[in-house]
């Protein structure tokens, strides 16, 4: 049983589910409360969204291991599941079942929301994951960008879904309010952060897996540029991410006080500095694995800023915090 859980990366799936729940309940709902709207997406629809996303992601992880049997035999023989504990044929069957169920959940959600955009997303994303596992991940930078894009979509689709249900209930009236701008401003910010963090982590993983990738004639950044130039590229991505955080605080986040900037400095900039230090020191596969884990933690810290947002939103506009009390 544990082998199946490892195969579908259950820790990542839990993170995806929690992240989507938090984006809706801790970011979107407070914005709706600010404008006097009740949350129009019922709990069962949120559950359907999370199930669709998690099932498609699980199917993608299985598919990735299906295509990476030879690479995993070199990079992580002690942790290899497909081709060792499970046959490739069963892995493909499991991928089809998980992805099929995910697409069905996504299309049901799109039907209830009356949204062609949602249907398009839940059809296109599984296709992207297939091409990523089959070929894109072996190409220079393309595979990294695809995974980063899919990660960002897992965040952005929460806002798209909520807006679809708002439009269904209130018609185009909702687009005459600041709500869509607020939604895409905040959810888009979290999605962009997820994109950059995922891109950084995927490149770190390429350095971790360089040995097996080279044997299979992949063309990842570490293989084409070498480890040192790839590290420089990662430093550049970290600088871009940190600069974006400061610019967002200066020009886009208008809450009173210094709580946001303190969160950015101590919660994100310092961990990013530690990440750069560990990247610079990393030489072995285990070193890069440690760096990859830290990048996951940084992404989690970024998502947790949503609770700071909820607190500041409640304090600024006098809305109830978790429907329990009002801040003064």
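The values are calculated or read from the model by the stated rules, or taken from the named source; none is laboratory data. On a predicted model such as this, the values are computed, not experimentally measured, just so you know. Heads up, the Cβs are rebuilt from the backbone with ideal geometry, glycines too, and the neighbour counts pull from every protein chain shown.
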For region 10-57: of the residues being in a loop (DSSP other than H, G, I, E, B) and either under 16 Å from residue 109 (Cα atoms) or modelled with pLDDT of 95 or more (or both), which is nearest to the chain's Cα centre (by Cα)?
41
Could you identify the single residue in 214, 219 that is in a loop (DSSP other than H, G, I, E, B) and either out of contact with any strand residue (DSSP E or B) (no Cβ under 8 Å at 6 or more places or on another chain) or under 24 Å from residue 61 (Cα atoms) (or both)?
219
Is it the case, given these coordinates, that residue 170 is crowded, with 19+ Cβ neighbours inside 10 Å, under 29 Å from residue 32 (Cα atoms) and modelled with pLDDT under 95?
no
Inspect region 243-250 for any residue being farther than 23 Å from residue 185 by Cα and surrounded by fewer than 16 Cβ atoms within 10 Å (Cβ to Cβ) and give the result as yes or no.
no
In the set 122, 93, 112, which member is farther than 27 Å from residue 307 by Cβ, assigned to a helix (DSSP H, G or I), without any contact (Cβ under 8 Å) to a residue 12 or more places away in the chain and out of contact with any strand residue (DSSP E or B) (no Cβ under 7 Å at 6 or more places or on another chain)?
93
Name the residues in region 273-288 that are more than 23 Å from residue 18 (Cβ to Cβ) and touching a residue at least 24 places away in the same chain (Cβ under 8 Å), would you?
276, 279, 280, 282, 285, 288
Do we have residue 233 as touching a helix residue (DSSP H, G or I) at 6+ places or on another chain (Cβ under 8 Å), over 28 Å from residue 27 (Cβ atoms), modelled with pLDDT of 95 or more and not in a loop (DSSP other than H, G, I, E, B) here?
yes
When you look at residue 224, is it surrounded by fewer than 21 Cβ atoms within 10 Å (Cβ to Cβ), modelled with pLDDT of 90 or more and farther than 26 Å from residue 16 by Cβ, yes or no?
yes
Somewhere in region 321-328, is a residue buried (at least 17 other Cβ atoms within 10 Å of the Cβ) and either at pLDDT 95 or above or in contact with a strand residue (DSSP E or B) (Cβ under 9 Å, 6 or more places away or on another chain) (or both)?
no
Output yes when any residue across region 71-83 is modelled with pLDDT of 80 or more, assigned to a helix (DSSP H, G or I) and within 24 Å of the chain's Cα centre (by Cα), and no when none is.
no
Does residue 157 satisfy being crowded, with 21+ Cβ neighbours inside 10 Å, in a helix (DSSP H, G or I) and in contact with a helix residue (DSSP H, G or I) (Cβ under 7 Å, 6 or more places away or on another chain)?
yes
Any chance region 45-63 includes a residue that's surrounded by fewer than 19 Cβ atoms within 10 Å (Cβ to Cβ), more than 17 Å from residue 96 (Cα to Cα), out of contact with any helix residue (DSSP H, G or I) (no Cβ under 7 Å at 6 or more places or on another chain) and without any contact (Cβ under 8 Å) to a residue 60 or more places away in the chain?
yes
Please work out which one of (1) modelled with pLDDT of 95 or more; (2) under 16 Å from residue 23 (Cβ atoms) is the condition residue 148 fails and give its number.
(2)
